[in-house]
Amino acid sequence: MSERWRLLADIGGTNVRFGLSQEAQVGTAPEIENVQSWSAETFNDFDSALHAFLLGLDQDLIFASAAVAA
């Protein structure tokens, strides 16, 4: 079975941050991996920021869920 990932995003007025965590078993704390951060001024919209993050990953991933804070 392929690993399933969670996409994490924190979109603020100053910075845009993305990261990944693997689906964990209940009761375990997942580690956040592949954290990337940019100035919010770098992108015109969320789609552009997400595209930049995904292009920076070195593999295709299966996403199970996403959590976005704005």
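When the criteria are applied in full, A66 meets the requirement of being open to solvent by 60 Å² or more (accessible area, probe 1.4 Å), among the hydrophobic types (A, V, I, L, M, F, W, C), more than 16 Å from T14 (Cβ to Cβ) and in a strand (DSSP E or B). Scanning segment 23-55 for residues that are under 22 Å from E3 (Cα atoms) and in contact with a strand residue (DSSP E or B) (Cβ under 6 Å, 6 or more places away or on another chain) yields a total of 8.
Does D58 satisfy the criteria of being among the charged types (D, E, K, R), at pLDDT 90 or above and exposed (fewer than 10 other Cβ atoms within 10 Å of the Cβ)? The answer is no for D58.
The values are calculated or read from the model by the stated rules, or taken from the named source; none is laboratory data. Keep in mind that what you see is a predicted model, and the values were worked out from it rather than measured. Because the Cβ atoms are built from the backbone with ideal geometry, glycine has one as well, and the counts that use them run over all protein chains shown. Only protein heavy atoms, including side chains, enter the accessible area calculation; ligands, DNA and RNA are left aside. Shrake-Rupley method; radii C 1.70, N 1.55, O 1.52, S 1.80 Å.
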